[in-house]
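Take a look at the structure below.
The values are calculated or read from the model by the stated rules, or taken from the named source; none is laboratory data. Only a predicted model underlies this, so the values are computations on that prediction, with no experimental measurement involved. Every residue, glycine among them, receives a Cβ derived from its backbone with ideal geometry; neighbour counts consider all protein chains shown. For the accessible areas, the whole protein counts, side chains as well, though only heavy atoms, and no ligand, DNA or RNA atoms are used. Shrake-Rupley method; radii C 1.70, N 1.55, O 1.52, S 1.80 Å.
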Amino acid sequence: MGWTVTAAFFVLYTLVSVLRNDRMLNAGYDLGIFEQAIRAYAHGQAPIVELKGPGFHLLGDHFHPILVLIAPLYRLFPSGVTLLVVQAALMALACFPLTRWAHRAVGPVTGLVVGCGLGASWGLVAGVAKDFHEICFAVPLLAFGVTALGQRRWGTAAAWALPLLLVKEDLGLTLAAIGGYIAWQGLREWRHTSLERCAHSEERRQQSKDGRDDPGDRRHEPGDRAHHPAERRRFPLLLGVVVAFLGVAGTAVEILVLLPAMNPRGGFDYWHQMPGEAASSSGSFAALASAGLHVLWPPMKWLLLFMLAAPTAFLGLRSPLTLLCVPTLAWRLLAGNEHYWQPNFHYNAILMPLIFAGLIDVLHRRPDIVPPRRRRKVLAFAAAFTAVTAAVYPLHDLVLPSAWRTPAHVRTAERLLSRIPDGDTVASSNRLAPMLTGRTTVSLVCFGTGPDPAAPTALPAHPPRWVVSDRHDPTVKTPCPVERTHRMLRLYRAHGYVQVAEEDGITLLRRR
């Protein structure tokens, strides 16, 4: 069942992402950025990404060296579609361990509901449908890791979780949470074993006192070799402490040392989005209280929390495995960037395996609170919620005739961009960029030079040979505000760039 569900969602994810790409719904931010980085890796070069700025080293933005694993495949199939297919495969792979665990631990119906619920969950679908992101590696790692945690295979769980340090800098905190969970469970096992040993010793003393000591029972003495397996129960505690330390230390090194070393500005670009920084710098109680209240306000954050709990009929909240969501939710809810609070943010994908693992854990380990009749109601609610959200999120594209047709505007863009030779340099608008990153060197059309980067007054230091801009590009605020784009187009024309074509809102300029 696990491989069947995985294969089915791999096909669905691939169709959805490729069809959206064919309709020009992806962008330079972020599909183009990651293709430039992986293209550089594929040719044995550092991940220099011109879409982020001249000579920008992408490992100075986020720490994700795991992307190098895609380089050999990209070298064989140099296209942004390769990234989308890899992402679809990794996201779908998360269904396998959880489906198999649910099937074996609870039953085939639960396995099917969990597998399909996870695969069609709004978090995974939103992540698959929106460009490409490095967190696609974290989704299966967490799925296999949390399954091992639920099955109390501590070493296996740690092995699956450790590569999270190579996926993104903040995921070290999730690794630390996994280590904390292992240590907590190890401490409980060790204390339980200690209590058993104390009870056994007391029984032996009582037997000796009463003259009922049986030499044949000496094999059960706490110091005998028969109790060595119980002694080894200290291993999870030590393992958890080590994993937690590696997670915290890894995140600290990446944010404080590695990222600033490769960032052109010499720092971590996302500190300013955290209200906690302002609170700690001012040190006032009011600032700290404001940062605390910011976690639960505005109401959009409540919607996010509801959307996370509802796929498991709110039952998954009763499992401690769900607490592994806290590190990711904490920095997102504290951040000043409202995009992080929204349900369509791609980072919700890494939370989905943790949420469904919580459901399996409760159904398996707490049959007292989930008798068969209630279990059926829980699974029915989970399936119904998944069906409703599937009708809202991009999986419904597959039943829309318009999703299978290439719009006329896209055909015009493809025809005009075909006039740009391979290997040339291009300044492009955001939505046109991923159509060029596989064969040219692309930067953003709004990039220029001058005293104010937000209002460039001169051409880039190394002007591109071609400039292409789409007036119908819907990304009008970031990364290229409309005013900056228009200002740069006027500058290009003033410096002798010739208009080669203008059709359906797409303008193509060439340097003389």
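Set side by side, the residues 51, 84 differ, and just one is under 18 Å from the mean Cα position of the chain (by Cα) and at pLDDT 95 or above, which is 84. Consider the range 481-512 and keep the residues that are without any contact (Cβ under 8 Å) to a residue 24 or more places away in the chain and either more than 19 Å from residue 457 (Cα to Cα) or part of a strand (DSSP E or B) (or both). The one that is least open to solvent (accessible area, probe 1.4 Å) is 498.
Considering 157, 138, the condition of being closer than 24 Å to residue 320 by Cβ, among the small types (Gly, Ala, Ser) and in contact (Cβ under 8 Å) with a residue 40 or more places away in the chain is satisfied by 138 alone.
Filtered by the rule that a residue be open to solvent by 20 Å² or more (accessible area, probe 1.4 Å) and assigned to a helix (DSSP H, G or I), the range 413-422 gives 414, 415. Take the conditions (1) over 35 Å from the mean Cα position of the chain (by Cα); (2) under 24 Å from residue 408 (Cα atoms); residue 489 misses just one of them, which is (2).
If only one of 158, 94 is more than 30 Å from residue 387 (Cβ to Cβ) and modelled with pLDDT of 95 or more, which one is it? Every option except 158 fails the conditions. If you go through the range 397-412 and pick out every residue that is aromatic (Phe, Trp, Tyr) and open to solvent by less than 50 Å² (accessible area, probe 1.4 Å), you end up with 0. Whether a residue is more than 14 Å from residue 427 (Cα to Cα) and modelled with pLDDT of 90 or more was assessed, and residue 442 does not pass this test. Are any of the residues in the range 451-462 open to solvent by less than 30 Å² (accessible area, probe 1.4 Å) and either under 23 Å from residue 339 (Cβ atoms) or not in a loop (DSSP other than H, G, I, E, B) (or both)? Among the residues of the range 451-462, not one is open to solvent by less than 30 Å² (accessible area, probe 1.4 Å) and either under 23 Å from residue 339 (Cβ atoms) or not in a loop (DSSP other than H, G, I, E, B) (or both), which makes the answer no.
Residues that are touching a residue at least 24 places away in the same chain (Cβ under 8 Å) and outside any helix (DSSP H, G or I) were ranked within the range 311-323; the one that is surrounded by the most Cβ atoms within 10 Å (Cβ to Cβ) is 319. Screening 351, 379 for residues that are open to solvent by less than 50 Å² (accessible area, probe 1.4 Å) and in contact with a Cys (Cβ under 7 Å, 6 or more places away or on another chain) leaves exactly one candidate, 351. Checked against (1) open to solvent by less than 10 Å² (accessible area, probe 1.4 Å); (2) modelled with pLDDT under 95, residue 175 passes all but a single condition, namely (2). Scanning the range 324-348 for residues being closer than 15 Å to residue 306 by Cα and open to solvent by 20 Å² or more (accessible area, probe 1.4 Å) gives a total of 5. In the range 176-197, the residues that are more than 12 Å from residue 241 (Cβ to Cβ) reach residues that are at pLDDT 85 or above and open to solvent by 40 Å² or more (accessible area, probe 1.4 Å) with C-beta atoms within less than 6 angstrom, at least six apart or across chains, in these pairs: 190/237.
Consider the range 49-79. How many of its residues are in contact with a Phe, Trp or Tyr (Cβ under 6 Å, 6 or more places away or on another chain) and within 23 Å of residue 255 (Cβ to Cβ)? It would help to see each step written out before you state the result.
Kept after step one, since they are in contact with a Phe, Trp or Tyr (Cβ under 6 Å, 6 or more places away or on another chain), are these residues of the range 49-79: 49, 66, 68, 71.
Narrowing the set further to residues that are within 23 Å of residue 255 (Cβ to Cβ) leaves 49, 66, 68.
Count: 3.
With respect to residue 308, determine if the residue is at pLDDT 85 or above, surrounded by 14 or more Cβ atoms within 10 Å (Cβ to Cβ) and within 17 Å of the chain's Cα centre (by Cα). Here the answer is yes, as residue 308 does meet what is asked.
Out of 476, 500, 467, 482, I need the residue that is on the phi < 0 side of the Ramachandran plot, touching a Phe, Trp or Tyr at 6+ places or on another chain (Cβ under 6 Å) and among the β-branched types (Val, Ile, Thr). Which one?
Step by step, each of 476, 500, 467, 482 is checked, and only 467 is on the phi < 0 side of the Ramachandran plot, touching a Phe, Trp or Tyr at 6+ places or on another chain (Cβ under 6 Å) and among the β-branched types (Val, Ile, Thr).
Within the range 423-437, the set of residues being touching a Gly at 6+ places or on another chain (Cβ under 9 Å), over 20 Å from residue 483 (Cα atoms) and open to solvent by 30 Å² or more (accessible area, probe 1.4 Å) comprises just one member, 435.
Restricting the first member to the range 33-45 and to residues that are at negative phi and modelled with pLDDT of 95 or more, and the second to residues that are β-branched (Val, Ile, Thr) and part of a helix (DSSP H, G or I), the beta-carbon pairs closer than 7 Å and six or more apart or on different chains are 38/70; 41/68.
Per the conditions (1) in a helix (DSSP H, G or I); (2) open to solvent by less than 10 Å² (accessible area, probe 1.4 Å), the sole criterion not satisfied by residue 132 is (1).
Scanning the range 1-33 for residues that are in contact with a helix residue (DSSP H, G or I) (Cβ under 6 Å, 6 or more places away or on another chain), among the aromatic types (Phe, Trp, Tyr) and within 23 Å of residue 473 (Cα to Cα) gives no hits.
Within the range 432-452, being closer than 19 Å to residue 500 by Cβ and not hydroxyl-bearing (Ser, Thr, Tyr) holds for 432, 433, 435, 436, 439, 442, 445. Entry remark, the range 354-373: residues being loosely packed, with under 15 Cβ neighbours inside 10 Å, touching a helix residue (DSSP H, G or I) at 6+ places or on another chain (Cβ under 9 Å) and in a helix (DSSP H, G or I) number 1 in total.
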